[in-house]
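Engineer: Input: one structure, supplied below.
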Amino acid sequence: MSSSPATPPVAPDSRDHTPSAPVRVERRGAGEDESRRANSADWDRYADEYQATHGEFLGDCGFVWGPEGLTEDVASILGPVADRDVLEVGSGGGQCSRWVRVHGGRSIGLDVSHRQLQHSRRIDENTGVVVPTVRATATALPFADASFDIVFSSFGALQFVADIDVAVAETARVLRPGGRFVFSITHPTRWMFPDDPGEPGLTMSQSYWDRTPYVEVDDATGEVAYVEHHRTLGDWVALLAGNGFVITDLLEPEWPEHHDRVWGGWSRTRGRFGPGTAIFGSVLGSTGR
């Protein structure tokens, strides 16, 4: 996203809430440590609002790939989960991992946000479907090599990671040969447009090829409060291929005709013209690390 005085930087689409304190927006480099500290704290602050706003839409034992509402029941991109060892990266309230458990899989949830994992425990108790969880980061998965048959991330976690090459390599490490890696992200083309669910969000204003991180800084403290990283579709293809993955699917869900939910920058107004979410499916080949 370009950041000239005539075209100020605007927020990307992944987060759908207003910052809790006044912030200034910058476009500059941001490393893994800075990104992780900022985003972990941000998700802790936002967890209650997120679960209150989206919990019903997600379902306690549901699996939704993005704001368009495409479910795994319809997409079937993970493949069979029964009797499989499954890791969810960025598990939040554990809704998707709980769906895996209901369908016979052995799922584990991982998240950087302590508060989101508390919500996962709450839903465990309410439903009786318990998802084991660990607080950790995608760049240092606390599991042995070849521990899982499936690793997935449903919407959002990977674009908060600066060292994405490390994260993808870690996924390859913990997967068994032939294992599946599936993830959904904000569609990379969305970075060309303002984060506005209305008509202003239809006008291209920024460069698709500008990968400079989007950074919010708390005006009062000077602390970095939020960081997001942009990669192009080609970047994702190269990352997967470079770590031994063979891409099997690229889904771009269309906005359902009668779906009127607004989720941050996602809406029917924008969704009827272009994709808001990209879902990659891949398989780890024998050359994977």
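The values are calculated or read from the model by the stated rules, or taken from the named source; none is laboratory data. As the structure is a prediction and not an experimental result, all values here were calculated from the model. Cβ placement follows ideal geometry from the backbone for every residue including glycine, while neighbour counts extend to all protein chains displayed.
Engineer: Output the number of residues of segment 119-131 satisfying the condition of being loosely packed, with under 14 Cβ neighbours inside 10 Å and assigned to a loop (DSSP other than H, G, I, E, B).
Structural biologist: 1
Engineer: Go through segment 203-222 and report how many residues are exposed (fewer than 14 other Cβ atoms within 10 Å of the Cβ) and either at pLDDT below 95 or among the aliphatic types (A, V, I, L, M) (or both).
Structural biologist: The number of residues fulfilling the criteria is 5.
Engineer: Tell me, which residue of segment 18-43 that is part of a helix (DSSP H, G or I) and among the hydroxyl-bearing types (S, T, Y) is surrounded by the fewest Cβ atoms within 10 Å (Cβ to Cβ)?
Structural biologist: If we take residues in segment 18-43 being part of a helix (DSSP H, G or I) and among the hydroxyl-bearing types (S, T, Y), then S40 is surrounded by the fewest Cβ atoms within 10 Å (Cβ to Cβ).
Engineer: Report the residue count in segment 72-115 for those that are over 22 Å from P253 (Cβ atoms) and of a type in the set (F, W, Y).
Structural biologist: Residues meeting the conditions: 0.
Engineer: Collect the residues in segment 92-118 that are polar (S, T, N, Q) and either touching a residue at least 60 places away in the same chain (Cβ under 8 Å) or surrounded by fewer than 19 Cβ atoms within 10 Å (Cβ to Cβ) (or both), keeping them in residue-number order.
Structural biologist: S113, Q116, Q118
Engineer: Quick check on V182: is it within 19 Å of the chain's Cα centre (by Cα) and either surrounded by 19 or more Cβ atoms within 10 Å (Cβ to Cβ) or at pLDDT 95 or above (or both)?
Structural biologist: So V182 passes the test.
Engineer: Just to check your reading of the model, which residue among A136, A140, A82 is surrounded by fewer than 19 Cβ atoms within 10 Å (Cβ to Cβ), within 16 Å of the chain's Cα centre (by Cα) and not acidic (D, E)?
Structural biologist: None of the other options fit; the residue is A136.
Engineer: Can you find a residue in segment 257-269 that is in contact with a strand residue (DSSP E or B) (Cβ under 6 Å, 6 or more places away or on another chain) and surrounded by 20 or more Cβ atoms within 10 Å (Cβ to Cβ)?
Structural biologist: The answer is no, given that none of the residues of segment 257-269 is in contact with a strand residue (DSSP E or B) (Cβ under 6 Å, 6 or more places away or on another chain) and surrounded by 20 or more Cβ atoms within 10 Å (Cβ to Cβ).
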